[in-house]
Amino acid sequence: MPPSISPSVSRSTTRADSLNARTTYERIAFLYDFLDAPYEIAWKRPLRRRVFEGLQGAILDAGVGTGCNFAAYPPGVKASGCDASSAMLERARARAAKYAQPVELRCSDLTRLDWPDDTFDGIVATFVFACIEDHEQAAALSELRRVCKPNGEIRIVDYRLSPRRLVRTRQKLMSAWLNGTFAATYTPKTEDYFDAAGLDVIDETFIRSDVLKMIRLRPRG
Ligand SMILES: C[S@@+](CC[C@H](N)C(=O)[O-])C[C@H]1O[C@@H](n2cnc3c(N)ncnc32)[C@H](O)[C@@H]1O
């Protein structure tokens with residue numbers, strides 16, 4: 001099935017953008033864990049546990065990357081993960097082999113997931129929507145809503161620009177690196193598309209200072 005494309009965006013633009021995000025992660029997959037290690041060790045690990053806290057049943061790690069969330073899955077869940085990059089998934093598969101808890105991994109783009117409707121009790125996307133182009137955000141959110149059970153929950157975690165001038169200036173200086181290396185931005189407009197995607201916000205919390213936000217959502221009833 002082709003990706004959902006907003007009427008104002010040409011097909012060729014959408015393809016080029018998707019290709020850009022995909023090729024970025026194909027290219028950096030072998031370096032990803034190395035580049036992220038300082039952050040992973042310093043603060044990401046404990047936060048990942050907090051992000052998955054309380055989730056049960058069938059869960060989807062959307063944009064699973066190299067599988068950095070695996071250790072944070074609550075015991076007993078039926079875990080699945082997907083990513084658009086086969087190189088990132090290859091590393092996730094190698095990591096999954098070291099865990100007792102099995103994880104089903106699929107190469108699948110968030111804008112066209114290949115799971116049936118109402119599959120998951122919980123869906124988590126960490127540091128993923130900041131990599132998705134504006135014109136694909138609504139399609140990706142709609143897909144998460146589609147595969148989420150009516151009483152399920154979706155959690156999205158991403159950076160935001162700090163209101164503090166010094167931190168914000170540093171983030172702006174780092175934007176070119178973030179964009180060039182990880183195809184990501186500090187200013188994703190994900191919130192703008194919740195309504196169109198049929199999602200209601202349960203709550204929004206900054207889980208690291210004022211720069212990392214977790215948004216909990218549920219499908220509109
Ligand atoms: C910054 S990494 C984060 C990986 C992981 N969630 C983590 O917390 O370490 C972003 C991941 O999102 C994936 N991604 C970006 N756009 C995607 C899309 N449209 N569909 C599926 N995966 C996507 C990338 O391939 C990459 O693996």
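No lab work stands behind these numbers, since they all come straight from the coordinates. As the structure is a computational prediction, the values presented were derived from the model and not from experiment. Ideal geometry is used to build each Cβ from the backbone, glycine not excepted, and the neighbour counts take in all protein chains shown.
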The aspartates and glutamates whose Cα lies under 16 Å from the Cα of residue 172, excluding any fewer than 8 residues away in the same chain, are 158, 210
Contour minus Cα-Cα span, residue 49 to residue 100, at 0.36 nm per residue, comes to 16.6 nm
Region 92-134 scanned against label point 7 Å out from residue 86 along Cα→C-beta; backbone N under 16 Å for 92-94, 105-109
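Given 0.36 nm per residue, what is the gain on full extension from residue 71 to residue 56 after removing their alpha carbon distance, in nm? All intermediate terms of the calculation are to be shown ahead of the outcome.
Details: separation 15, 0.36 × 15 = 5.40 nm, distance 1.49 nm.
Stretched fully, the residue 71-residue 56 segment lengthens by 3.9 nm.
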Candidates 188, 74, 46; GNM for the chain (alpha-carbon contacts under 10 Å) flags as most fluctuating 46
Ordering 102-110, 127-135, 159-167 by per-residue average of other C-beta atoms within 10 angstrom, highest first, gives 127-135, 102-110, 159-167
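Over region 11-219, what is the mean sequence separation of C-alpha contacts under 8 Å (at least six apart), divided by residue count, expressed as relative contact order in percent? Each step should come with its number before you reach the end.
On the way: 377 pairs, mean separation 39.7, N = 209.
Rounded, it is 19 percent for region 11-219.
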Taking only Cα atoms of region 11-219, the Rg to Rh ratio with Kirkwood Rh works out at 0.93
Counting only DSSP beta bridges fully inside region 11-219, the antiparallel percentage to nearest 5 is 40
Once both label points are put 7 Å beyond Cα along the C-beta direction, the residue 78-residue 177 separation in nm becomes 4.3
Among 200, 121, 61, the residue with the largest mean-square fluctuation in a Gaussian network model of the chain built from Cα contacts under 10 Å is 200
Looking only at aspartates and glutamates whose Cα falls under 16 Å of residue 149's and that sit 8 or more positions away or on another chain, we get 61, 114, 117, 118, 121, 200
Note: probe point = Cα of residue 206 + 7 Å toward Cβ; backbone nitrogen < 12 Å; residues of region 134-161 passing the test are 160-161
Given backbone amide H placed at 1.01 Å from N, residues whose amide H is under 5 Å from that of residue 58, ignoring those fewer than 5 places away on the same chain, are 78, 121, 122
Looking only at lysines whose Cα falls under 19 Å of residue 98's and that sit 8 or more positions away or on another chain, we get 78
